[in-house]
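Report on one structure; see the data block that follows.
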Amino acid sequence: MKLIFATHNEHKLKEVKQLLSTTPFEIQGLSEIGYHTEIIEDGITMAENASIKSRTVHKALNAHVFSDDSGLEIEALDMRPGVHTARFAGPQKDAHDNMDKVLRLLQNERNRKARFKAVFSLIIENKEHSFEGIVNGSIAEEKQGLDGFGYDPIFIPEGYTDTFAQLPASVKNEISHRANAVRQLCKFLETYK
Ligand code: IMP
């Protein structure tokens, strides 16, 4: 079965394809199917944004589709940036600007607890289903590591001393918020058939 992943983010697509590689589903990203229209994510929660993306693509293509929205919630910042994670430091959506802003706001802050959240929205046979995954952790004192994307160099998952950007992709793919949500998605798709 073909499933469209409504994302233009090539890093996420690669991660999710790896996560679903043991399933019989063929995952295609938006660039692969030539869908280049930008989707305006103006929801006020991650769940709403995920829904907006899957509904928009489903409406345009009438195909099986899923999407995700994800973000970082930092306890000492009242769970910000949350839904504003991608553009926390401005519309340029620059990962280093975003991380620098977090590190600046947490300077001298002892509570560095944070979590990544991912919400997936799946539309299959005209019904929508949603799945949520979380990984708890903390914000590092400085950027460490080169792998991954986004805020990976400053996020240390619970139970580890390295950031997501230092840990092997295989570890991140086992414990991440997205892995968590995708496992639920997988389970659902398996029982669905
Ligand atoms: P969106 O889900 O594409 O809207 O992305 C939300 C923001 O969260 C982006 O700035 C991403 O870089 C960031 N983000 C989401 N998942 C991860 C992750 O696994 N590692 C690092 N940053 C992430």
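The values are calculated or read from the model by the stated rules, or taken from the named source; none is laboratory data. Since we're looking at a predicted model, the values are computed, not measured. Cβ placement follows ideal geometry from the backbone for every residue including glycine, while neighbour counts extend to all protein chains displayed. Please note that ligands, DNA and RNA were not included when accessible areas were found on the heavy atoms of the full protein model with its side chains. Shrake-Rupley method; radii C 1.70, N 1.55, O 1.52, S 1.80 Å.
General remarks:
- Projected area averaged over orientations for segment 99-172, convex hull of C-alpha atoms, nm²: 6.2
- Long-range amide H partners of Asn136 with built H, under 5 Å: Glu158
- Pairwise centroid distance, computed over Cα atoms, of segment 20-36 with segment 47-71, Å: 14
- Residue of Thr56, Thr163, Thr37 that the Gaussian network model of the chain assigns the largest fluctuation, springs spanning Cα pairs under 10 Å: Thr37
- In the complete set of protein chains, residue-level accessible area for His84 is approximately 110 Å², probe 1.4 angstrom.
- Dipole magnitude for the chain: about 320 debye, using +1 per Lys or Arg Cβ and -1 per Asp or Glu Cβ, origin at the Cα centre.
- Its relative contact order, with pairs defined as Cα atoms under 8 Å and 6+ residues apart, puts the chain at 18 percent.
- Solvent exposure of segment 57-193 as accessible area per residue, Å², 1.4 Å probe: 52
- Overall Cα dimensions of segment 45-190 - principal axes, largest extent first, Å: 50, 31, 25
- Within a straight-line Cα-Cα reach of under 16 Å, Lys113 can be paired with the following aspartates and glutamates, leaving aside sequence neighbours fewer than 8 residues apart in one chain: Glu73, Glu75, Asp78, Glu141, Glu142, Asp152, Glu158, Asp162.
- Based on Cα contacts under 8 Å between residues 6+ apart, segment 112-169 shows a relative contact order of 27 percent.
- Unsatisfied cross-links (Cα-Cα over 32 Å) in the set Lys2/Lys101; Lys59/Lys101; Lys17/Lys59; Lys101/Lys187: Lys2/Lys101; Lys59/Lys101; Lys101/Lys187
- Segment 110-143: GluC sites (Glu not before Pro) falling in loop per DSSP and having at most 12 other Cβ within 10 Å: Glu125, Glu141, Glu142
- Under the span-like rule (Cα at least 18 Å along the axis, Kyte-Doolittle mean at least -1.0), DSSP H helices of the chain: 46-61, 177-192
- Amide H contacts under 5 Å for Met79: Ile74, restricted to partners 5 or more places along the chain or on a different chain, H placed in the peptide plane at 1.01 Å from N.
- Here the accessible area is traced with a 1.4 Å probe on the protein chains. For the chain, carbon and sulfur cover 48 percent of it.
- Along each principal axis, taking the top coordinate minus the bottom one, the Cα set of segment 5-90 gives 42, 28, 20 Å in descending order.
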